[in-house]
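*Asks:* Starting off with a structure, shown below.
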Amino acid sequence: MKQFLDDIHGRYAAEKKALLALCSNGTGLSVADLSHELGTSIPKVTRVVNEMIQDGYLAELGKQESTTGRRPSLYGLNPDAGFFVGIDVCQHYFSLAITDFPGRVLHFTDEIPFTLVNTEESVRQMCEAIQAHLAGVNIDQARIRAYGINLTGRVNHSTGYSYSFFISEQKPIRDVFRQYLGKPVSLENDSRAMAYGEYMSSIAREEGTFLFLNVGWGLGMGMILDGKLFSGKSGFSGEIGHFPLLDNNQFCRCGKIGCLETGASGSALHRLMREKLSEGRPSLLSAAYKAGADLTMDDILDAIRREDVTAIECIEQIGSTLGKAVAGLINLFNPDMVVIGGRLSVTERYLMPPLRSAVNKYSLNLVNNDTIIRVSRLGNEAGAIGASLLSKSRLLGGRV
Ligand SMILES: [Zn+2]
């Protein structure tokens with residue numbers, strides 16, 4: 001197969017790029033569909049499709065169902081045309097997903113140990129860790145077409161700058177990744193990429209307005225508004241964790257007081273649990289706490305899994321606070337769907353009932369009845385899968 005996109009030039013280049021973008025949005029399109037979408041004649045589209053099959057970009061995927069006459073062939077992206085790699089960078093590890101051209105997930109690994117810091121050397125080492133991991137997976141690295149990388153905090157995907165990992169004024173971190181990975185890189189905020197992954201993997205993708213809450217150590221939000229990923233003017237949208245909603249007098253890591261995140265996140269769960277343990281409330285974690293152990297969010301999630309009543313009370317309180325915020329979001333956006341994701345969504349059984357109850361209590365009934373609220377289906381895979389799918393859509397010019 002030829003080099004990618006850059007090598008699509010000469011005769012029909014514009015039509016070929018438009019076809020790739022169309023096929024990236026949907027699968028199983030007939031020549032008549034493609035001709036209609038492109039506003040180009042059927043003989044011309046037929047010639048272009050044939051060339052693209054020869055070049056390895058497109059493949060015949062089957063025949064259209066028809067009750068009368070000949071069944072037209074359906075075309076889409078060739079699954080063998082290459083791979084996309086998505087990486088979700090967390091505090092002390094990253095997760096990695098590989099998808100193929102049609103967007104199927106071929107591989108996922110969680111929690112590959114690595115701590116990214118603010119230096120070019122650290123980015124280089126991370127790229128080596130990514131490549132070392134890929135060497136152990138059964139794919140041809142030469143056929144990777146693009147990488148998608150998620151970072152926490154403010155990310156401007158169009159300039160490639162992250163404001164959590166700011167290496168230099170002259171060089172956005174995306175370009176440093178590109179330099180060491182040797183392929184196009186799409187940089188995105190983690191919550192936005194998770195929203196995109198969940199949206200694109202959703203069975204009912206007609207949801208026009210889709211809000212994704214990333215409830216991890218912090219709290220972020222990704223938004224699909226009218227079918228498009230919303231970034232805001234400079235890519236800083238979705239900072240719902242720092243919405244100053246609470247009268248709890250708690251300092252937030254951003255330096256302000258009463259941010260939503262101080263009552264509805266993993267860090268809030270951690271604080272609430274420590275408060276209860278310090279009051280001497282009974283818990284599976286009491287002994288470890290008294291012995292001075294450093295409790296982690298995973299310890300608390302594990303206690304919830306083991307039905308620790310004190311830990312369950314804490315997560316219920318988080319659910320109730322989060323539900324009040326979701327009620328506000330529903331009133332504001334009238335969304336088709338709100339998805340609760342991130343590491344805390346594994347506590348669904350205890351988190352969701354108080355959340356739903358608060359939504360019913362605080363949202364406008366008429367608006368609330370329009371909205372489906374559910375837990376993420378991709379779970380901890382959402383970030384890496386979303387990054388991978390985004391890198392594909394951005395490379396091929398698909399819908400983002
Ligand atoms: Zn804050």
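*Asks:* Excluding residues fewer than 8 places away in the same chain, name every one of the lysines whose C-alpha is closer than 24 Å to that of K228.
*Replies:* Answer for K228, where 24 Å is the Cα cut-off: K16, K17, K392, listed by chain and number.
*Asks:* Once you treat every alpha carbon in the chain as an equal point and sum by Debye, what is log10 I(q)/I(0) at q = 0.09, 0.11, 0.15 Å⁻¹?
*Replies:* -0.60, -0.85, -1.35
*Asks:* Show the residues, 5+ positions off or on another chain, whose built amide H is closer than 5 Å to the amide H of V375.
*Replies:* Amide H to amide H, under 5 Å and 5 or more residues apart or across chains, V375 pairs with I340.
*Asks:* Considering only protein heavy atoms, what is the solvent-accessible area of D88 at a probe of 1.4 Å, reported in Å² to the nearest 10?
*Replies:* Number for this one is 10 Å².
*Asks:* Write down the accessible area per residue of the chain in Å², having rolled a 1.4 Å probe over the full set of protein chains.
*Replies:* Solvent-accessible surface per residue comes out at 46 Å².
*Asks:* Same structure, new question: With +1 on each Lys and Arg Cβ and -1 on each Asp and Glu Cβ, how big is the dipole of the chain about its Cα centre, in debye rounded to the nearest 20?
*Replies:* Dipole about the Cα centre, nearest 20: 660 debye.
*Asks:* Placing +1 on the Cβ of each Lys and Arg and -1 on the Cβ of each Asp and Glu in the stretch 207-376, which of T296, S357, L246 has its Cα farthest towards the positive end of the resulting dipole?
*Replies:* Sorting the options by dipole projection puts first L246.
*Asks:* Once Rh is set to the Kirkwood radius over Cα pairs, what Stokes-Einstein translational diffusion coefficient, in µm²/s, holds for the stretch 169-301 at a temperature of 10 °C and a viscosity of 1.306 mPa s? Show your work: numbers first, answer last.
*Replies:* On the way: Rh = 17.6 Å.
Reported coefficient: 90 µm²/s.
*Asks:* Then there's this: Search the structure for amide H atoms under 5 Å from the amide H of L187, placed 1.01 Å from N in the peptide plane, and list their residues when 5 or more places away or on another chain.
*Replies:* Those lying under 5 Å, H to H, from L187 are I149.
*Asks:* Long-range amide H contacts for I144: which residues qualify at under 5 Å (H placed 1.01 Å from N, peptide plane, sequence gap of 5 or more or a different chain)?
*Replies:* Residues meeting the amide H criterion: F83.
*Asks:* Further question: What's the Cα-based Rg to Rh of the stretch 80-233, Rh via Kirkwood?
*Replies:* Ratio of gyration radius to Kirkwood radius for the stretch 80-233: 0.95.
*Asks:* Tell me, what is the percent relative contact order of the chain, built from C-alpha pairs under 8 Å that lie six or more residues apart?
*Replies:* Relative contact order for the chain comes out at 18 percent.
*Asks:* What does the helix-only formula give at 222 nm for the chain: each DSSP H stretch with n ≥ 4 adding -39500 (n - 2.57), the total divided by the residues, and the result rounded to the nearest 500 deg cm²/dmol? Numbers along the way, then the final one.
*Replies:* Details: 13 runs with 158 residues, N = 400.
One gets -12500 deg cm²/dmol as the mean residue ellipticity at 222 nm.
The values are calculated or read from the model by the stated rules, or taken from the named source; none is laboratory data. A quick note: this is a predicted structure, and the numbers were derived from the prediction, not measured. Note that each Cβ is placed from the backbone with ideal geometry, even for glycine, and that neighbours are counted across all protein chains shown. The accessibility values were calculated without ligands, DNA or RNA, using every heavy atom of the protein model including side chains. Shrake-Rupley method; radii C 1.70, N 1.55, O 1.52, S 1.80 Å.
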